[in-house]
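Every read-out reported here was derived from the displayed coordinates using simple, explicitly stated rules and does not represent laboratory data. Predicted, not measured: the structure shown is a model, and the values here were computed from it. Counting neighbours? That spans all protein chains shown, and the Cβs are built from the backbone with ideal geometry, glycine included.
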Amino acid sequence: MKTSILCTLISIVLSAVLSQPVKAQDCIRATVPFDFNVGKRPLPAGDYCISRVAPDVLAIRNLHTGNGIMAVTIPADPSKAENPVLTFKHYYDDSYFLYRVADAGRGWQFHQSAAENDLLAKKSRSNPVSVAASLSHQ
């Protein structure tokens, strides 16, 4: 029941967001040197643009293929670094999950996925891995 309500809510939010005219936005650009996951969606290593499409929704787009996803986030602390930073959780089975995106003024944290919960249930530990990024204007 909770899952269907959440899916309905996400569908409504995304349809409202996608129906808005596209404006030039800041894009956090990063080269991710490893395959990673956002929630349950696997993404290949590559160059990415991460932009805010709603207060708690980020679009993550591969710059070479144009493929991407949108993810609902929760507010997080801004980065202490001058440049934007992507933080991943790296588990010992070589899984990487995007955990947090932040720049000097904003921060977003991703919800923990069922796949991550399964790894934690198996007592798998994670180490944070940071990837430096830059801010560009599209």
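Taking each residue as 0.36 nm, the span from R106 to T65 lengthens on full extension beyond its C-alpha to C-alpha distance by 12.1 nm. Considering the stretch 24-137 at the alpha-carbon level, its Rg and Dmax are found to be 13.4, 44 Å. Summarising the label geometry, the points placed 7 Å from Cα in the beta-carbon direction at N127 and Y92 lie 1.2 nm from one another. Computed extension gain for S134 through S113, at 0.36 nm per residue and net of the alpha carbon distance, reaches 4.9 nm.
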